[in-house]
Amino acid sequence: MSVTQPVYAAFRAIGAYVPQKILSNADLEKMVDTSDEWITKRTGIKERHIAADNEFTSDMGAKAAALAIKRSGLEKEEIDLVVCATVTPDYFNMPSTACIISDKLGIKNVQAFDISAACSGFVYGLSVAKAFVESGMRKNVLVIGAEKFSSIVDYTDRSTCILFGDGAGAAVISATKNKEEGFVDIHASADGAYADFLVTPAPGSRNPVSQKVLDEGLQYVQMKGNETFKLAVKTLTKDVKEILEKNNIRSEEIPHFIPHQANYRIIKAVGDALKMREDQVALTVHKYGNTSAASIPMAINDLWESGKLKKGELMLLDTFGGGLTWASALLPFSGESV
Ligand code: COA
């Protein structure tokens with residue numbers, strides 16, 4: 001009788017892509033009634049990057065993914081599942097951005113699909129990768145978070161246009177027999193009762209494209225900023241407390257707390273509530289703004305490229321977004337250090 005050895009999912013490599021063009025607070029001062037001082041004080045954001053007119057979510061996702069595959073040491077032919085988390089896909093209905101990215105990477109005959117979970121999309125994607133790998137269905141999963149958020153932002157609305165930026169991040173998740181390399185835990189959840197906190201009313205089956213949609217600007221993101229802020233702090237804190245307690249780990253033992261980069265005040269409030277030291281908390285919101293599903297992998301990439309994220313070190317991911325959705329993950333970085 002043969003005994004099957006358990007398989008674990010390991011986070012093998014990270015990559016990211018940041019578009020060239022910078023939109024600074026000074027630029028925004030010329031577009032809407034705002035100031036660098038207000039934006040800095042309320043959000044911590046100084047600048048964000050914006051994709052070129054002819055640069056799409058799939059272009060950014062493919063660049064981040066190519067880097068992650070290269071760093072994983074795998075051949076692209078070894079990737080057997082491509083998952084792209086995005087709420088700003090190249091096309092709103094079909095084909096999926098994951099299909100387009102697979103083609104751009106030259107990966108043929110591969111299962112590919114998108115995940116719609118807004119800012120929580122990348123961590124949702126990791127939960128899918130973990131399940132596919134640990135069930136034995138797939139060996140090497142590419143998880144991408146990519147957004148051209150500027151394509152759904154109304155640059156006359158000062159309450160939203162200051163927050164968001166474009167970019168992409170990607171990770172390779174591979175099967176391992178070594179439990180030490182595997183994910184410790186992952187938790188993803190949602191509550192549709194808060195669907196109207198963050199919404200793009202069109203296009204969709206409720207509001208197909210029409211003159212009315214364009215006249216009313218329903219294609220742009222709408223947000224209940226204040227309510228979202230309060231719920232974000234509460235949910236992000238609760239989620240981390242639960243995952244740490246469940247796994248018997250104290251917050252001071254976490255070398256890398258990597259929260260969703262939406263607003264510095266949210267990150268600070270959550271970090272303080274969890275008694276995290278400043279050196280434990282990853283911070284990129286000042287230079288990228290909120291890049292939705294790309295925010296966490298872009299932050300992981302920054303840590304890795306700066307040499308601060310080393311092989312075997314624990315990462316605690318914590319995210320929150322439209323849906324509402326939220327997710328947290330506890331896992332070691334199991335790729336090579338810089
Ligand atoms: N510049 C200057 N003033 C602005 C402004 C801007 N860009 N945006 C809003 N204001 C004004 C408002 O009009 C309001 O003026 P009033 O008091 O005269 O009515 C005042 O500033 C306060 O607005 P308010 O919305 O209460 O500010 P806030 O402190 O809540 O900050 C956000 C606004 C959007 C920065 C904050 O609510 C936030 O970050 N929310 C969470 C957003 C988020 O993270 N979303 C994504 C989740 S994944």
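Just one of (1) open to solvent by 40 Å² or more (accessible area, probe 1.4 Å); (2) within 24 Å of residue 329 (Cα to Cα); (3) away from the ligand (no atom under 16 Å from the Cβ); (4) not acidic (Asp, Glu) fails for residue 208. It is (2). Could you tell me whether any residue of segment 34-51 is over 30 Å from residue 268 (Cβ atoms) and away from the ligand (no atom under 16 Å from the Cβ)? No, because not a single residue in segment 34-51 is over 30 Å from residue 268 (Cβ atoms) and away from the ligand (no atom under 16 Å from the Cβ).
For every residue, the table says whether it meets (1) open to solvent by less than 10 Å² (accessible area, probe 1.4 Å); (2) under 16 Å from the mean Cα position of the chain (by Cα).
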position	(1), (2)
108	no, no
115	no, yes
120	yes, yes
125	yes, yes
133	yes, no
138	no, no
144	yes, yes
155	no, no
159	no, no
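So is residue 78 open to solvent by 80 Å² or more (accessible area, probe 1.4 Å), within 16 Å of the ligand (Cβ to nearest atom) and over 30 Å from residue 208 (Cα atoms) or not? Against the criterion (open to solvent by 80 Å² or more (accessible area, probe 1.4 Å), within 16 Å of the ligand (Cβ to nearest atom) and over 30 Å from residue 208 (Cα atoms)), residue 78 does not qualify. What do you reckon, is residue 307 modelled with pLDDT of 95 or more, outside the structural domain of residue 58 (by TED's automatic domain parsing) and either touching a strand residue (DSSP E or B) at 6+ places or on another chain (Cβ under 9 Å) or crowded, with 24+ Cβ neighbours inside 10 Å (or both)? No; evaluated as a whole, the condition is false for this residue. In the set 242, 252, only one residue is outside the structural domain of residue 46 (by TED's automatic domain parsing), more than 14 Å from the ligand (Cβ to nearest atom) and at pLDDT below 95; that residue is 252. Restricting segment 269-321 to residues that are within 14 Å of the ligand (Cβ to nearest atom) and in a loop (DSSP other than H, G, I, E, B), the residue that is nearest to residue 192 (Cα to Cα) is 291. Got at least one residue in segment 54-69 being within 16 Å of the ligand (Cβ to nearest atom), in the same structural domain as residue 163 (by TED's automatic domain parsing), over 19 Å from the mean Cα position of the chain (by Cα) and of a type outside the set (D, E, K, R)? No, segment 54-69 has no match at all.
The values are calculated or read from the model by the stated rules, or taken from the named source; none is laboratory data. Please read these numbers as outputs of a predicted model, since none were measured by experiment. Methodologically, a virtual Cβ is constructed for each residue, glycine included, from the backbone with ideal geometry; neighbour enumeration extends over all protein chains shown. These area figures cover heavy atoms from the full protein model, side chains too; ligands, DNA and RNA do not enter into them. Shrake-Rupley method; radii C 1.70, N 1.55, O 1.52, S 1.80 Å.
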